[in-house]
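Let me begin by presenting the structure, written as C-alpha cells, before commenting on it.
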Amino acid sequence: MENKNRKSVFDCHGFPSQIAFDFLDLPLDEDIYQFIGEKIGQLIGSGLVFISTYQVDLNVFKMESVNGDPQKLKALQENFTNEELSSMWFKWSGGSGKTPSENQLHPVKGGLSSLLEGQISEKECGRIQELLGIGEVYVTGLIWDEKIYGNATILMDAQESLEDPETILTLVNISSVALKNRTVERALMASEEKFRKLFNNANDAIFLHQLTDDGVSGKFVEVNSVASKILGYTHEELLNMSPRDIEDMESEYGTNKMGELVGKDKITFETILISRDCRKIPVEINSHIFTLNHDKLSLSIARDITERKKMEEEIQVSLKEKEMLLREIHHRVKNNLMIISSLLNLQSRYIKDKDVLNVFKDSQNRARSMALIHDRLYQSSHLKSINIGDYILNLASDLFRIYSIDPDQVELNFHLEDVMMDINTMIPLGLIVNELLSNCLKHAFPNDRSGKIDIDFHGENDGYQLTVADDGVGFPENLDYRNTPSLGLRLVNILADQIDGEIELKQDKGTQFTIEFKEKKYVYK
C-alpha cells in the first residue's frame, strides 16, 4: 500500500510545481529545514531524512531536523535525545568520495559509521542501523550559485530502493533556491529592522518627503518616532501632512528654503516647527535630496535647538553687558589720561625753564596719544582693535594744533591703509608715531622754514611698514638715535622692541624713520 502511494506521488507531474508554490507561501518564521525534510520524506517511502546546515568556519554539516517513517523516528528518539541528535555533525565526504559542488545524490559507503566519523562507535552504528532497518545511504548538497546552504542525508529502508532520484534532485534544487531566497529575505529583514531601529531611535526627528522639480515639498513618505514625539502627532497623521503643515511660515526661514535643493544635493538651515499644541520649536534642518524610483525625495533631519537658542540669547545678553562694561572702561581710562594731560598743562604754566616746559609738553602729548587710542576703542564696534589710518589722521591733527603749526607752512601728506590693529600693538605703535611726528614738528623746520612731512603705513609681505619722513634740516650727523639722551628717541627704540620691530634711519633728503614689524597674535582668556 505504501509503495502504491509513493508511486502515485512520483507519477504526479505537478508535484515539483506544487512544492515550488508551497515554498513561496512558507512563512518566514516557519522552519524551512523541517519543511524540506518533510517534502523529501514523502518521496523515499519508509526511510529517514536528516537535513543539516553548513557550518562554514568548521567545514561540517550540523543536523537541524529528522523526518520520515514515524516508527523509525520513534525508535530513533528512544535511543537518542533531541540534544544528542542536534549535536551531531557530518563531514561532507562521508565515504562518498565526492565534493559538494557536484550537487548529486551520492551513495555513502559504510553507512552511518562513515557519516558520523567516530562520533559513535562502529559497533553502535551497526546496532542502530539494524534497529532502524536502514539499507542504502545517500547524501546530496543543498547548493545554489556555488553557495552551500546545507545537505540532505537519506537513509533508505533496507527493503526499499531509490526509485526516482531525478524527482528527489528536482526537489533538492527547488529547496536550494528556496534556501537562497530565505537567506536573502532574512538578510533584508535584518537590514530593514536594523535601519528601522536606527531610524526610530535617532536623537533627531527625521522626515522623508516628496519634492517636485521646482523644489515644492509634497507629503511625508515616512517619519520616525522622534518626529511624532516632538510634534505631538501620530505617525499616521504626519503621513497625511507636508512640511508646510508643521512649519512656521512667518519665521525667518520657511519651506521656500527647500527650493535651494533644486540646485544642490544638500542644504542646512534653521526654521521653526509648530507642534500640535501650537508650541514653536526652533530646529536646525539638514536636508539631502535624492532620487528613488524616478521620484525626487528629500531626507530631512531636524534637530531641536531650543536649548542652543536659549544659550545663544544668554550669551548675547552677557556679551552686551561685557561690551558696555568694556566701553565704560575705555571711556574712563581716556578721561583719566585727559585729566593727567590737563594737570600737566596746568602745572606747566608755573614753569619758567624752557627745557622743563618742553618735558611737560611731551608728557602731556604722550598722555593725549594714549587717550586717543582709548577714545577710538570706546567708539569702535570691535572694542579691542583700532583702524590705524583713522588714528594717525586724528593724532596728527591734534599735534598740529598743540604745536601751532601753520598748514600753509608745513604740508602733511598721508599714505595710509585701513588696517585694524590690536590694542596691544596699537598702544606702543601710537606712541611711536607720536614721538616721531613730534620730533618732526619741533626740530625739522626751525626759523619758520617750510617743508613737508610724509606718513606712510601699509602691509609689507606678511607684516607692516610705518614710515615718518620730512624734508627738513635733517637728523644731526653726530647723534646716534639708538643711543641718545633724548627720552623721545629712547622711547621709540624701547617701543619698537615691544612689537619686535626693526628701525631704519635714512638722512639723504631730510630725515626718514622706517619701522617694519609683524603684529603679534594675542590670546584673550
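Compared with the alpha-carbon gap, the fully stretched path from Leu346 to Asp390 is longer by 12.9 nm at 0.36 nm per residue.
Taking 20 Å as the cut-off, the amide N atoms of the range 486-525 that come nearer than this to a point 7 Å along the Cα-to-beta-carbon line of Met420 belong to 518-525. If R0 is taken as 30 Å, the Cβ-Cβ distance between Lys74 and Glu117 corresponds to a FRET efficiency of 0.70. If you take the beta carbon distance between Phe269 and Asn336 as r and set R0 to 56 Å, what does 1/(1 + (r/R0)^6) give as a FRET efficiency, to the nearest 0.05? Efficiency, from the Cβ-Cβ distance: 0.70.
Using 0.36 nm per residue and subtracting the Cα-Cα separation, the extra length available between Glu185 and Thr234 on full extension is 14.7 nm. Between Met156, Thr306, Asn345, the Cα set farthest toward the positive side of the dipole of the chain (charges on each charged residue's Cβ, about the Cα centre) is that of Asn345.
In the range 90-224, taking the dipole from charged Cβ atoms about the Cα centre, the farthest positive-side position among Gly110, Phe195, Thr212 is held by Phe195. Peptides 309-317, 139-147 ranked from most to least packed, by the mean per-residue count of other Cβ atoms within 10 Å: 139-147, 309-317. For a test of the definition: using alpha carbon positions, the gyration tensor, and the 1.5 limit on a/c, classify the range 35-162 as rounded, prolate or oblate. Rounded, since a/c falls under 1.5. The distance between label points at Lys310 and Lys194 comes to 3.8 nm (points 7 Å beyond Cα on the Cα→Cβ vector). Summing Cβ point charges (Lys, Arg +1; Asp, Glu -1) relative to the Cα centre of the chain gives a dipole of roughly 1640 debye.
What percentage of the solvent-accessible surface of the chain, computed with a 1.4 Å probe over protein heavy atoms, is contributed by carbon and sulfur atoms?
Solvent-exposed carbon and sulfur of the chain make up 50 percent of the total.
Summary of the geometry: the range 482-525 and the range 157-200, compared by the centres of their Cα atoms, lie 87 Å apart.
Where does the chain land at 222 nm, in deg cm²/dmol rounded to the nearest 500, when only DSSP H runs of n ≥ 4 count, each adding -39500 (n - 2.57), divided by all residues?
Taken over the chain, the calculation gives -14000 deg cm²/dmol.
Spherically averaged projected area of the convex hull of Cα atoms, the chain: 47.2 nm².
Name the shape class, rounded, prolate or oblate, that the alpha-carbon gyration tensor gives for the range 384-429, where a ≥ b ≥ c are the square roots of its eigenvalues, rounded holds for a/c under 1.5, and otherwise prolate holds if a/b is larger than b/c and oblate otherwise.
prolate
For the range 458-512, the per residue solvent-accessible surface stands at 61 Å², with DNA, RNA and ligands left out and a 1.4 Å probe. Under a plain spin-label model, where a point goes 7 Å from the Cα along Cα-to-Cβ, how far apart in nm are Val177 and Gln18? If labels sit at Val177 and Gln18, their model points lie 1.8 nm apart.
The simple Förster model, with R0 at 35 Å and r as the Cβ-Cβ distance, assigns Asn461 and Leu326 a FRET efficiency of 0.60. Applying 0.36 nm per residue to the separation of Glu502 and Asp295 and subtracting their alpha-carbon distance, the gain on full extension is 67.8 nm.
Where does each of 35-47, 445-457 land if you order them by average Cβ count within 10 Å, highest first?
35-47, 445-457
Between Leu169 and Val56, the modelled labels are 2.8 nm apart [label points 7 Å from Cα along Cα→Cβ]. From the Cα gyration tensor of the range 321-418, with a ≥ b ≥ c the square roots of its eigenvalues, which class applies: rounded if a/c is under 1.5, or else prolate if a/b is larger than b/c, or else oblate? The shape class here is oblate.
The values are calculated or read from the model by the stated rules, or taken from the named source; none is laboratory data. Model, not experiment: these values are computed from the prediction. For neighbour counting, all protein chains shown are included, and Cβ atoms are generated from backbone atoms with ideal geometry for every residue, glycine included. Heads up: the accessible areas ignore ligands, DNA and RNA and are worked out on the full protein's heavy atoms, side chains in. Shrake-Rupley method; radii C 1.70, N 1.55, O 1.52, S 1.80 Å.
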